[in-house]
Amino acid sequence: MLALDNIHVNYGAIVALRGVSLNVRENELVALIGANGAGKSTALSTIAGVLKPAGGTIIFQGESIAGLAPEKIIRRGIAMIPETREIFSGLTVMENLLLGGYIRKDTVEFKRDLERMIDLFPILGERLNQAADTLSGGEQQQLAIARALMSHPKLLMLDEPSLGLAPTLVNHVFKLVARLHAEGMTILLVEQNVNQTLKICDRVYLLKMGQVAAQGLPENLREHVDVESVYLGDRIDAQ
Amino acid sequence: MSFGSFLQFLIDTLSLGSLYALMALGMVIVYGILRLVNFAYGEYIMVAGYTLFLLSQSPVPWLIMALLSVLAAVGASYLTERVAFRPVREQTVTAMLITSFAVSTLYQNAALLFISPRAKLVPLPDIFSKSIVFAGLVVPLRNILAIIVTFALLGFFALLLKRTIIGIALRAAADKFTMTRMLGIPANLVIGAAFAIHGLLAGVVALFWFGRIGSVTPGIGLAPLLVAFIATVIGGMRSLLGAVVGGYVLALINVAFNNLLTQNFLEYRDAFTFSLVILILLLRPEGLVRAR
Amino acid sequence: MISPADGHTPLTALVVQGITMDFVGLRALENVNLTLRQGEILGLIGPNGSGKTTMINVITGLLRPTAGRIQADGADITGKPPHKIAQTGVARTFQKVKLFRELTVFENVKVAAVSVGMPNRRAKEQAWVALEELGIEAWSGRIAGTLPYGHERKVEVARALAMNPKFILLDEPAAGMDEEESAALLQILTPIPEKKNLGMLIVDHDMNLIMRLCNRLHVLNYGKTIGEGTPEEVRRIPEVVEAYLGS
Amino acid sequence: MKDKPASTATRSHIITLLILLLPLIIIAAVTKLIGNVLFERVVITLFINLILVLGLQAFMGNSGILSFAHIGFMGIGAYASVLFSMAPQMKKLALPDLPLWLGHLQLPFLPSILIGAIIAALIAAVVSFPLMRLSDASAVITSFALLVVIHTILVHWKTVTNGPQTLFGVDRYTHLETSMCWAFIFIALAYWFKESSIGLQLRASRDEREAASTIGVNIILVRWQGFILSAFMAGLGGGLWAHFITSFSPKAFWLKETFVILSMLVIGGPNSVSGAVVGALLVTGAFEGLRGLENQINIAQILPVQLIGLTEIVLSLTMIVILIKRPLGIMGGREFR
């Protein structure tokens, strides 16, 4: 469904991605893990059209989408929830959701979608007419996910959805992602909570310094790669 | 203060403030999204004025002329964005500001070259020269009209921004521009809409502005531009409501100065109001109404 | 290992006491205590969003803490403007490199020496020393905005060193570098604290770099301290492992 | 080894200054040879423009902040210098309401112009300090507000400015040689400031405000020092201009002049002294050329209407194209070397 081939991205003079290739198949939940600064967010932003790749190809459903503007990418069916969530703070919850469904332009369907979101996130239903900046961190994360779902994406990209959330909410987010996946959504997930991520994903890519360092099924990755060393460094006494 | 003079004061403030509020609102709509203080804003009023003048020989009714001149202001605003601002959008705020200053000069001198340096009379409907007598006061009808039209427009824009998808998108874009694009709202649509509203408000203000002064010159845009500057700073540069409040507050200050200051001091009125601008930017950089 | 006793006397330190930093609806730091001694390398680590950069911003005066005190070398610097703090001997680098793009590399480094009050001639000397320290004197005439990335980082470190600081705070000096580059940086950084008698605080995600470079580590999660100690001690603390890998 | 780069730096500074001065000397010499009064006026205008552009460059180029107030300080320098240089008999005619001590006072040209510039600098020092913490749009609006305030006062303070009417009877001091000398001094001054430790800190704050403050730059202070110097240079330019044109009104220190001077800096490139010089040369040349063309066409009545504003149109279009295609101006922020 989505295939990145040899993608290079530069941030000014910084080389953020050095030839990343990965693919996501229909109905899969693929995770990107790796230490901070490994290039996970950069990869998502590049797919979403916020960053332009310096080289390589991105094919989505058989068509090249590399370098398209963000407003075009979402129309192809790729929705992204940024790490910072980017809730429109002065707008109400309802208005945020309305913009989420902007590309659909169908009032009947909008009502049905809205009901579905309220079903999925009851708390948002209670706060529809409240300004979004009055929501708590966890509620804002739910709103960000709901807003992305409003566009009926074929591929949903989540960048660190558990970031900054209290432990109980972290569990909630993972359950939610697992549920969306179970309902058939194709998902590309970036997470730093490795243990939880490996429990729910189908396949995983490990990024290290802008490159794919390992990939495979979660259990294989655990067996063949010392994941802990990626995050906590090699043991000095082992050297 | 007698009831009569109070009423006079109120109507003066409201009618002047209405124009100021519309000016400021148009300024803030663009500023909120692009961080651009557009020096060419006053020139859209000039464009509307010359359109009226050029149409004055034609047989069309005044309302059509008015409509066409407002459209001309919208066109000028949209065109400027397309040709001059879009290519420098990615650059610094200062580069955009200088561009707008250059555009302003360009418009003014185009008017000098292609029309005339001399003042040209603008056609006005009869209703603008009529007055009504109310509670012992003679009130020009155009002042009442200005108040009504402004309130109607403000209501219209409040609805537009609150209820329509493009209005909501405009508010969202002023908050987080990239995210609006990631939801599929084209950047150029939002910015184009902002500049269209920018021009529309300038065009409407132009009708009443010329209603007060009767003629158009190439340099006519400066005074309303200054008004928009001050009102936005007073009200808060990032808040739409603030702009409207700022407009009325500025009118209140001006009308009060007119009534209170002696002739000697009145000459320095601009110096006073602009010192006030500096003071507000220093003491309360966000203006009276804070952005949410 | 440098222990306080064999360090240079008199021993001075950057002391952070009970710092709390609130943003609207978010507590970024909560009652954090931290000490950076001259001559040592302290690693400040923690997952994304744990408050590391906020801590550096608070110490260098870019943010004013909600509560708590910061002392550098005995002087209270809490709430002082950034340039005053810099002049008391606290230098830093940025996560996203902030070079003066239109200035030459030499000017970038020299201006730091000038700004902390050195006369022109000394500032020039100081700038050369710092450039040589990082091995980039050959680039001195280049306009900073045209440098390749690895060198930008080095210029930023040289700029901080040119201030002749007592404390230097490095925010992700190895970000965006490959293994080779980051190893080379390690070579350069390791001897500096002892040689210049300064305290070095490093934030980085490259744990291999951190584990090798630092004498002590300080771990933050959700703005709170969850562990302190030598690298080996720290990676045995269960909270730290959980913070990094999840439960 | 360590001294070598320093001495090459000094040499390259000298080379830069020579490259900048040489064309001006040639222009002045050619003007002297031709001996055409009209041409000489154009060249003097060029030198004065150059001084004003350099004054603007000193602040705007180094700090990156657009200032509209500059031409206001030019106006202050112009009026203030005239108050000191004008003969008492003339003052009775031109400014009859002056206070007695001022009315009787007359100083030679040089001290008058210097005092005028110092007054401009002092006023700038007092009013601008609190403004120096503002950036971007706020900074631009306040500097614009400052221009309006200065302009309003010049227009209405009849006692010392003759109000909106033309102030006449100013003696001529600024000739080809004087203006050229001043231009030389100002090129050196602007260059020295840019390379000085204050200028260096100011340029650092222009490129990265946060980083500058964390290496110890007191941004408000260095901006303020730059602003005062800039106002001094503008004030001196104003004094020289007043004693060249010999009769003028506050209209001369308003948006039109602001536009012309700003366009020179933007087209040449604000970040370097070379940019300011190139901009002043090119724009003055083009401006006077187009003006001349406009006049020829109007006199010859080739067109049925009067041709006005063509010069500004060409200038503003050039400016917009430069801003789009080459935002750092022709010189791109570099010096000749």
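The values are calculated or read from the model by the stated rules, or taken from the named source; none is laboratory data. Just so it is clear, the structure is predicted and the values come from calculations on it, not from any experiment. Heads up, the Cβs are rebuilt from the backbone with ideal geometry, glycines too, and the neighbour counts pull from every protein chain shown.
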(1) buried (at least 23 other Cβ atoms within 10 Å of the Cβ); (2) touching a Ser or Thr at 6+ places or on another chain (Cβ under 7 Å) all hold for C:Met177 apart from (2)
Exactly one of these conditions fails for B:Ala196: (1) surrounded by fewer than 18 Cβ atoms within 10 Å (Cβ to Cβ); (2) farther than 22 Å from B:Ala152 by Cβ; (3) not β-branched (Val, Ile, Thr). Give me its number. (2)
Quick one: which helices (runs of 4 or more DSSP H) lie wholly within region A:13-114 and hold at least 3 residues that are touching a strand residue (DSSP E or B) at 6+ places or on another chain (Cβ under 8 Å), crowded, with 19+ Cβ neighbours inside 10 Å and within 12 Å of another protein chain (Cβ to nearest Cβ)? A:40-48
Mind telling me which of the residues D:Ile185, D:Ile153 ends up being more than 9 Å from every other protein chain (Cβ to nearest Cβ) and β-branched (Val, Ile, Thr)? D:Ile185
Before we move on, is D:Phe244 part of a helix (DSSP H, G or I), away from chain C (no Cβ under 12 Å), of a type in the set (A, V, I, L, M, F, W, C) and surrounded by 21 or more Cβ atoms within 10 Å (Cβ to Cβ)? no
Within region C:63-82, does at least one residue satisfy the condition of being within 11 Å of chain D (Cβ to nearest Cβ), crowded, with 17+ Cβ neighbours inside 10 Å and part of a helix (DSSP H, G or I)? yes
Among the candidates B:Val255, B:Val205, B:Val227, B:Val277, single out the residue that is in a helix (DSSP H, G or I) and surrounded by fewer than 21 Cβ atoms within 10 Å (Cβ to Cβ). B:Val255
Would you kindly identify the helices (runs of 4 or more DSSP H) lying entirely within region D:75-185 that contain at least 1 residues that are out of contact with any helix residue (DSSP H, G or I) (no Cβ under 6 Å at 6 or more places or on another chain) and among the small types (Gly, Ala, Ser)? D:88-94, D:136-156
Applying the selection to region C:92-122, what residues are at the interface with chain D (Cβ under 7 Å from one of its Cβ atoms), over 18 Å from D:Asp207 (Cα atoms) and not in a helix (DSSP H, G or I)? C:Val116
Which condition does D:His104 not pass, out of (1) in contact (Cβ under 8 Å) with a residue 60 or more places away in the chain; (2) away from chain B (no Cβ under 12 Å), if it passes all the others? (1)
Could you please tell me which pairs satisfy a Cβ distance under 8 Å, a separation of 6+ or placement on different chains, a first residue in region D:290-317 that is within 13 Å of chain B (Cβ to nearest Cβ) and in a loop (DSSP other than H, G, I, E, B), and a second residue that is among the acidic types (Asp, Glu) and surrounded by 16 or more Cβ atoms within 10 Å (Cβ to Cβ)? D:Leu307/D:Glu294; D:Ile308/D:Glu294
Those residues that are in contact with a Phe, Trp or Tyr (Cβ under 9 Å, 6 or more places away or on another chain) and either among the small types (Gly, Ala, Ser) or under 29 Å from B:Asn264 (Cα atoms) (or both), I need them from region D:158-180; list them, please. D:Val160, D:Thr161, D:Asn162, D:Gly163, D:Thr166, D:Leu167, D:Phe168, D:Val170, D:Ser179
Which of the residues spanning region B:66-112 are more than 7 Å from chain D (Cβ to nearest Cβ), free of Cβ contacts under 8 Å to residues at least 40 places away in the same chain and crowded, with 22+ Cβ neighbours inside 10 Å? none
Of (1) closer than 26 Å to A:His8 by Cβ; (2) out of contact with any strand residue (DSSP E or B) (no Cβ under 6 Å at 6 or more places or on another chain); (3) charged (D, E, K, R), A:Lys199 fails just (1)
List pairs: first residue in region B:264-292 and within 7 Å of chain D (Cβ to nearest Cβ) and under 14 Å from D:Pro130 (Cα atoms), second residue charged (D, E, K, R) and assigned to a helix (DSSP H, G or I) anywhere in the structure, Cβ distance under 9 angstrom, at least six positions apart or on different chains. B:Leu282/D:Arg133
Would you please name the residue that is modelled with the highest pLDDT, looking only at residues in region D:311-333 that are crowded, with 17+ Cβ neighbours inside 10 Å and at positive phi? D:Gly329
